[in-house]
Amino acid sequence: MTPGRSEQGAASAVGESAPRKDARAKVRGRARYATDVAYPDALAAGVVRSQVPHAEIARLDTGAAAAMDDVAAVVPRWDLPRGFDDRVRHYGDAVAAVAAETPAAVDAAREAIEYDLDPLESVHDPRESVRADAPLVQDDPAFGQPDRHPVRVDNPDYDRNVDDYHALELGEPDAAFAAADHVHEASYRTPRVTHCNLDRHCAVAEWDGDDLRVTATIGNRGHAEKTLERLFDGSEVAIERPPTAGSSFGGRSLAKLTLEPVAAALAREAGRPVRLEFDRETEFSAAESRHATHLDLKAGATDDGRLTALAVDAVADTGPYPNGVGHVVLSACRGRPLDAYAVDNYRFEGVSAFTNNPPAGEYRGIGVTQVTWALESHLDELARQAGFDPVAFRRENWVAEGDDRPHADAPVSSCGLRECLDRGRARFEELREGDDGGSDGNVVYGWGVAAGGQITTPAAGNNDDYAEARLTLAPDGSLFVRTGAIDVGQGAATALAQIAAEATGLPLDRVTVEGYDPDDPVDDKYGSVANRTTYLVGAAIRDGADALGERLQARGVDGVDELLEPVAVTGRAETDTAPLAYGVHFAEVAVDTGTGAVDVTAYVAAQDVGYAINPTLVEGQIEGAVGHGVEFALTSELRLEGGVPTDATLAGYPVSSPAEMPDRLACEIVESEEASGPYGAKGVGTPSITPVAPAITNAIRDAVGERFTAAPVRDGDVLLALGGGTGGDGGDDGD
């Protein structure tokens, strides 16, 4: 990678708010997403899905369905690829699948399939799932996974259904707690949240001998290909993207167990391409949600405001099938507290458990969103109980640039925490309207602050990351850039084009960036996930621009007008470290004492982005993160009764709308100039969600005097607290 930030002149392509390259097509309705694309030769497909969370298939008769006109293939569950058996493990799990000439024929065939399910005991609390007497949910923790790191469980209470386990101890936590002047302990619960992407999941599978091609919107193409290759032994798999990728927020990072593998199994059986898409209920029950977590925290501090000890115990609900994300959740819960706070004595233990709830997966800020909400709530309460100023207490205990990270292999390389605090607080004082602890008739006001951060790329510890970009310069002066990532709505194609234009000196309107293509492959480890696209793919483009200049110079070409044929080069960026990106956010809320309704009246998000390649796109990422954080704090949860979703529709699920966004919202972009990033850039999309929910719930605590330890905090919870009830326990167990 080419480190550092160059000096940009008046004609610089980076640091400017260039219009999005896909804006016109999208706002005019011309963009074609996966579900918009017609495949005339493809069969339609559907899945018979379980209506119970755990059962054995006692009888399955597909004969009538297979004999129907226009039905090309019927595949029972146990004939799906390797690892599927005769047991369904969650509501919405696959019982059988059908491919037919028309959607109507698919529906008729599904109705004709007869089956009996013998219910099995199910488990829905991940804390109970790992106990020795719990029903067995999953006996193959590597099912369908291309690789799995060794898992050693050091807690004898975690006897079964363990997806992953992490533990870490630094210093002498017990002694530090004993010596602390102030100790606070509490338990927190975070919700199961669904992405609610408007374009539903859709996959088209087609075989050519032993070669499988799947067309779908998948951020991590490499992982999906390896997953399908593991399921279909001996097959070569290639993922192709639709013309326009739908939004993701993590929901399209990985293949879905009852989507791409099922479409591929049907296509192999029928000998024709097969198109399978999820309906909206299946989006909630089978397309993965944010991991619900239970977090027990204990923190100790001295009278002078030093944080001396911290302990975190985490239990995450993976659902019934492994996908590697439980590992990421626990890694974040283990490491992010130490990435924000300098504490010498630390203990962490975490387990991700298999349950009979709907599957969990990636969602913006994997694990770090959950642990930051609990941590920032906990430290805020510790400060209040000890009589510390919540802002000063945080500032005193934050890490700084150059600090060692005892849990990681690299120090803090760039850190804008304190500048975020200063600029954010100044802007917040301009926006807020209520007095501290004040009231206005039936309205009480409160304000809160929270900090958070996240690594840029998954490269940390023993992991590495790499990306390639192929640059092709044509004689007409246009530059085409092929990457292994895709633009899932965040504006990556525009930001990457700006980096390419800056690095080559070409006009921005002469640069086109496109994502992966199996017929024009570039090597990329993770694709469009984990806060890495601008940072690492952008670095690969910059490296490619250097190589392009050297190639032209070697050919004696002084300008594009002398170029007689296209010139192609491949740039590559590699890293084994993951720079941290931080934010400090401030929220003001107005609480209606008659209804408990919470209105976020003012919000300031001060975010350290390293360097803003495109300031407007950065603001868009931050504002979108605020929207997701409001959902986490106040509205959204996939609620379950015995593992069965009760709000699995867009009408029933409490997704937030513009009405829930802050009345006044400001973004403060802080540039700490990350030396390893292209022009100093680092991640923004994921780090910017982490402080949102705790800033809001800390403001509610300030307004009503009650700490809520479960999210989301609903109006009824607040009203109960105002009426002198126990409060403090928002959300719903949903089990």
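The values are calculated or read from the model by the stated rules, or taken from the named source; none is laboratory data. From a predicted model like this one, the values you see are computed outputs, not experimental measurements. Note: ideal-geometry Cβ built from the backbone for every residue, glycine included; neighbour counts use all protein chains shown.
Residues are listed down the side, and each one gets a yes or a no for (1) in contact (Cβ under 8 Å) with a residue 24 or more places away in the chain; (2) within 23 Å of VAL71 (Cβ to Cβ); (3) β-branched (Val, Ile, Thr):
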{"position": "ARG230", "(1), (2), (3)": "yes, no, no"}
{"position": "THR244", "(1), (2), (3)": "yes, no, yes"}
{"position": "ALA264", "(1), (2), (3)": "yes, yes, no"}
{"position": "ALA301", "(1), (2), (3)": "yes, no, no"}
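Is at least one residue of the stretch 591-603 under 30 Å from ALA410 (Cβ atoms) and under 23 Å from the mean Cα position of the chain (by Cα)? No - not one qualifying residue is present in the stretch 591-603.
Could you list, in sequence order, the residues of the stretch 81-94 that are surrounded by fewer than 22 Cβ atoms within 10 Å (Cβ to Cβ) and without any contact (Cβ under 8 Å) to a residue 60 or more places away in the chain? Explain how you work it out, then say what you get.
We begin by selecting, within the stretch 81-94, every residue surrounded by fewer than 22 Cβ atoms within 10 Å (Cβ to Cβ); these are 81-83, 85-87.
Those that are surrounded by fewer than 22 Cβ atoms within 10 Å (Cβ to Cβ) and without any contact (Cβ under 8 Å) to a residue 60 or more places away in the chain: ASP85, ASP86, ARG87.
Looking only at the stretch 276-303, residues that are in contact with a helix residue (DSSP H, G or I) (Cβ under 7 Å, 6 or more places away or on another chain) and acidic (Asp, Glu) come to 1 in all. Against the test of being β-branched (Val, Ile, Thr) and surrounded by fewer than 24 Cβ atoms within 10 Å (Cβ to Cβ), the options VAL684, VAL692, VAL644 yield a single qualifying residue, VAL644.
This table checks each residue for (1) assigned to a strand (DSSP E or B); (2) of a type in the set (Val, Ile, Thr).
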{"position": "ARG425", "(1), (2)": "no, no"}
{"position": "GLU430", "(1), (2)": "no, no"}
{"position": "GLY434", "(1), (2)": "no, no"}
{"position": "ALA450", "(1), (2)": "yes, no"}
{"position": "THR457", "(1), (2)": "no, yes"}
{"position": "GLY461", "(1), (2)": "no, no"}
{"position": "GLU468", "(1), (2)": "yes, no"}
{"position": "LEU471", "(1), (2)": "yes, no"}
{"position": "ARG482", "(1), (2)": "yes, no"}
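Which of the residues belonging to the stretch 667-707 are within 28 Å of GLY594 (Cα to Cα), in contact (Cβ under 8 Å) with a residue 60 or more places away in the chain and assigned to a loop (DSSP other than H, G, I, E, B)?
Of the stretch 667-707, the ones within 28 Å of GLY594 (Cα to Cα) are 692-707.
Narrowing further to those that are in contact (Cβ under 8 Å) with a residue 60 or more places away in the chain: 692-704, 707.
The answer is ARG707, and nothing else.
Looking at ALA625, ALA651, ALA612, ALA659, which one is closer than 15 Å to PRO691 by Cα and of a type in the set (A, V, I, L, M, F, W, C)? Of the residues listed, the single one that is closer than 15 Å to PRO691 by Cα and of a type in the set (A, V, I, L, M, F, W, C) is ALA625. Inside the stretch 314-358, residues that are of a type in the set (D, E, K, R) and part of a strand (DSSP E or B) make up a count of 3.
Listed by first and then second residue, the pairs linking a residue in the stretch 148-175 that is farther than 22 Å from THR308 by Cα to a residue that is of a type in the set (D, E, K, R) and part of a loop (DSSP other than H, G, I, E, B), with Cβ atoms under 8 Å apart and 6 or more places separating them unless they lie on different chains, are ASP157/ARG131; ASP159/ARG131; ARG160/ARG131; TYR165/ARG152; TYR165/ASP154.
Residues of the stretch 542-574 being modelled with pLDDT of 95 or more and of a type in the set (Val, Ile, Thr), which ones? Hits for the stretch 542-574 are VAL567, VAL569, THR570.
For beta carbons closer than 6 Å, sequence separation of 6+ or different chains, a first residue in the stretch 496-513 that is of a type in the set (S, T, N, Q) and a second that is in a helix (DSSP H, G or I), the qualifying pairs are THR504/ALA545.
Picking from ALA178, ALA132, ALA142, which residue would you name as being exposed (fewer than 15 other Cβ atoms within 10 Å of the Cβ) and at pLDDT below 95? The unique qualifying residue is ALA142. Of the residues making up the stretch 615-662, those that are over 23 Å from VAL684 (Cα atoms), over 17 Å from the mean Cα position of the chain (by Cα) and not hydrophobic (A, V, I, L, M, F, W, C) number 12.
Hey, any hits in the stretch 507-515 for a residue that's part of a loop (DSSP other than H, G, I, E, B), crowded, with 23+ Cβ neighbours inside 10 Å and modelled with pLDDT of 95 or more? Within the stretch 507-515, one or more residues are part of a loop (DSSP other than H, G, I, E, B), crowded, with 23+ Cβ neighbours inside 10 Å and modelled with pLDDT of 95 or more. Scanning the stretch 32-78 for residues that are surrounded by fewer than 18 Cβ atoms within 10 Å (Cβ to Cβ) and under 23 Å from ARG241 (Cβ atoms) gives ARG32, THR35, ASP36, VAL37, ALA38, TYR39, PRO40, ASP41.
Condition check for TYR363 on (1) in contact with a Lys or Arg (Cβ under 6 Å, 6 or more places away or on another chain); (2) surrounded by fewer than 24 Cβ atoms within 10 Å (Cβ to Cβ): one failure, at (2). The condition (being surrounded by fewer than 24 Cβ atoms within 10 Å (Cβ to Cβ) and either free of Cβ contacts under 8 Å to residues at least 40 places away in the same chain or more than 16 Å from the chain's Cα centre (by Cα) (or both)) is satisfied by just one residue among ALA342, ALA309: ALA342.
Please pick out the residue among ALA67, ALA112, ALA58, ALA94 that is in contact with a strand residue (DSSP E or B) (Cβ under 8 Å, 6 or more places away or on another chain) and farther than 29 Å from ASP647 by Cβ. Spell out how you get there, then give the answer.
Working: ALA67 fails: in contact with a strand residue (DSSP E or B) (Cβ under 8 Å, 6 or more places away or on another chain); ALA112 fails: in contact with a strand residue (DSSP E or B) (Cβ under 8 Å, 6 or more places away or on another chain); ALA94 fails: farther than 29 Å from ASP647 by Cβ.
Every option except ALA58 fails the conditions.
Summed over the stretch 569-616, the residues that are surrounded by 24 or more Cβ atoms within 10 Å (Cβ to Cβ), part of a strand (DSSP E or B), out of contact with any His (no Cβ under 6 Å at 6 or more places or on another chain) and not polar (S, T, N, Q) give a count of 20. Taken together, GLY556, GLY544, GLY549 contain a single residue that is assigned to a helix (DSSP H, G or I) and surrounded by fewer than 24 Cβ atoms within 10 Å (Cβ to Cβ), which is GLY549. A search for C-beta distances below 9 Å between a residue of the stretch 373-399 that is modelled with pLDDT of 95 or more and any residue that is in a helix (DSSP H, G or I) and hydroxyl-bearing (Ser, Thr, Tyr), counting only pairs 6+ apart in sequence or on different chains, returns TRP373/THR697; GLU376/THR697; SER377/THR697; ASP380/THR697.
Annotation for the stretch 1-16: at least one member residue is modelled with pLDDT under 95, among the charged types (D, E, K, R) and surrounded by 14 or more Cβ atoms within 10 Å (Cβ to Cβ).
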